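Before any comments, here is the structure.
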Amino acid sequence: MDRSKGISGSDRPKLAVFKFASCDGCQLSILNLEEDLLALGQALDIAYFPEASSDLNPGPYDIALVEGSITTAEDARRILSLRQQTKGLITIGACATAGGIQALRNWADVEAFKRAVYPSPEFIQSLTTSTPISEHVSVDFELWGCPINKDQLLRVITDLLAGVQPHLPTDSVCLECKRRGNVCVLVAKGLPCLGPVTRTGCGAICPSIGRDCYGCFGPTEGARKGPGLPPNTSSLANYFHGNLQLIPVEILRRFRGINGYTASFKQESEKWDKKT
């Protein structure tokens, strides 16, 4: 996608929104743009968005927003077809960027789950893993969060319309807490907060109400191919263990959550898994 020339030479570039394995929360964030969504509808041709309209138009598309992870062989084939139909592919939310909470299956026996849950497990067709979109096709931009921040989405789309490379902050949640004047829940309350290793984007919602961050915007390095250094998960995990007296399985669960399949969180959880 040549961003120096904008996303399309047409007056109204075509936007499509696709869903894979997910809860639809990030698509609802798009709808929550409300009046801004109406303005986008004037600048863009919202050609395919089943969550919002039954008027579904075929590709090719200029921008595709993709929610959800790849959990079935059919989805793996479908994302390849979608990549061929769009100039710019943007993954939205933890499922699409990191495999989501359903990536917990990556450390478990999926066949055992099927037998325990379904009366006829032989009819359930799924992969043994839940993986982010980037493990299957090239991705032009990743928008993190569970769900995504609608203002960040609006900024990314308007930047692309203007032919500008989108840039979102990758600071930790701790800096957002300082800006808001929050008392540190890690130090003051002894809560196992993931804020020091989690990228900002949510506005520090949980620490602002006295709760610990659980990493819904992923690790501070953001995209795995980004220029940032990985977060110091080891130091934080050791603090949880030595100062807050968390046992290994509790530390494992802190890092193996919504974005647990990202490289840094995955490595840290697996290190503590060996100690359980």
**Near-label residues of the stretch 150-188 by backbone N, under 16 Å of a point 7 Å along Cα→Cβ of E250** = 186-188
**Fill in**
Simple SL model, points at 7 angstrom along Cα→Cβ for Q42 and N57; separation in nm is 1.8 nm
**Asked** Between K178 and A76, how many nm apart are label points set 7 Å from Cα along the C-beta direction?
**Response** 4.5 nm
**Prompt:** What residues qualify as long-range amide H neighbours of G145, i.e. H under 5 Å apart, gap of 5 or more or another chain, H built at 1.01 Å from N?
**Reply:** G93, A94
**Fill in**
Going residue by residue through the stretch 159-173, the Karplus relation 6.51 cos²θ - 1.76 cosθ + 1.60 with θ = phi - 60° gives ³J(HN,Hα) values, rounded to whole Hz and with x marking Gly or Pro, of 4, 5, 4, 8, x, 9, 5, x, 9, 10, x, 10, 4, 7, 4
**Prompt:** Which aspartates and glutamates does K14 reach when only Cα atoms under 18 Å apart count, and residues fewer than 8 places away in its own chain are ignored?
**Reply:** D2, D36, D45, E51, D55, D62, E67, D140, D159
**Fill in**
The answer for Y61, listing residues at least 5 apart or on another chain whose modeled amide H is closer than 5 Å to its amide H, is T86, K87
**Asked** What per residue convex hull volume, in Å³, do the alpha-carbon atoms of the stretch 173-273 yield?
**Response** 85 Å³
**Request:** Sketch the reach of a paramagnetic label on V117 as a point 7 Å from Cα along Cα-to-Cβ, and name the residues of the stretch 65-88 whose backbone nitrogen lies under 13 Å away.
**Result:** 71-72
**Request:** Arrange C202, C213 by Cβ neighbour counts within 10 Å, fewest through most, would you?
**Result:** C202, C213
**Fill in**
With the dipole of the chain defined by +1 on each Lys or Arg Cβ and -1 on each Asp or Glu Cβ, the option from V117, L194, F217 whose Cα lies farthest towards the positive pole is L194
**Request:** Give K87/K150; K150/K178; K178/K275; K189/K266 a once-over and call out the pairs whose C-alpha atoms are over 29 Å from each other.
**Result:** K178/K275
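Taking 0.36 nm per residue of sequence separation and subtracting the Cα-Cα distance, how much length would be gained by fully extending the chain between D11 and N243, in nm to one decimal?
Extra length from D11 to N243 when fully extended: 77.7 nm.
Evaluate Rg over Rh across the stretch 3-161, taking Cα atoms for both radii and Kirkwood's formula for Rh.
On the way: Rg = 16.6 Å, Rh = 16.4 Å.
That ratio equals 1.01.
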**Prompt:** For the chain, what does -39500 (n - 2.57) per DSSP helix run (n ≥ 4), summed and divided by total residues, give at 222 nm, in deg cm²/dmol to the nearest 500?
**Reply:** -10000 deg cm²/dmol
**Message:** What are the ³J(HN,Hα) couplings of the stretch 267-275, residue after residue, when phi is run through the Karplus curve with 6.51, -1.76, 1.60 and θ = phi - 60°? Round to Hz, x for glycine and proline.
**Reply:** 4, 5, 5, 5, 5, 7, 4, 5, 9
**Fill in**
Scalar couplings 3J(HN,Hα) for the stretch 141-158 by Karplus 6.51 cos²θ - 1.76 cosθ + 1.60 (θ = phi - 60°), nearest whole Hz, x for Gly and Pro, are 7, 10, 10, 8, x, 9, x, 5, 7, 4, 5, 5, 4, 4, 5, 4, 5, 5
**Prompt:** Once amide H atoms are placed 1.01 Å from N in the peptide plane, what residues at a sequence separation of 5 or more from D45, or on another chain, have their amide H within under 5 Å of its amide H?
**Reply:** K14, L15
**Message:** Run the numbers for R155 and T128: contour at 0.36 nm per residue of separation, minus the present Cα-Cα distance, in nm.
**Reply:** 6.2 nm
**Asked** When ranked by the protection proxy of mean other Cβ atoms within 10 Å per residue, highest first, what sequence do the peptides 143-151, 124-132 form?
**Response** 143-151, 124-132
**Prompt:** Quick one: length gained pulling I209 to S234 fully straight, 0.36 nm per residue minus the C-alpha distance?
**Reply:** 6.4 nm
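No value in this document is a laboratory result; all are computed from the given coordinates. Since this is a predicted model, take the numbers as computed values, not measurements. Every residue, glycine among them, receives a Cβ derived from its backbone with ideal geometry; neighbour counts consider all protein chains shown.
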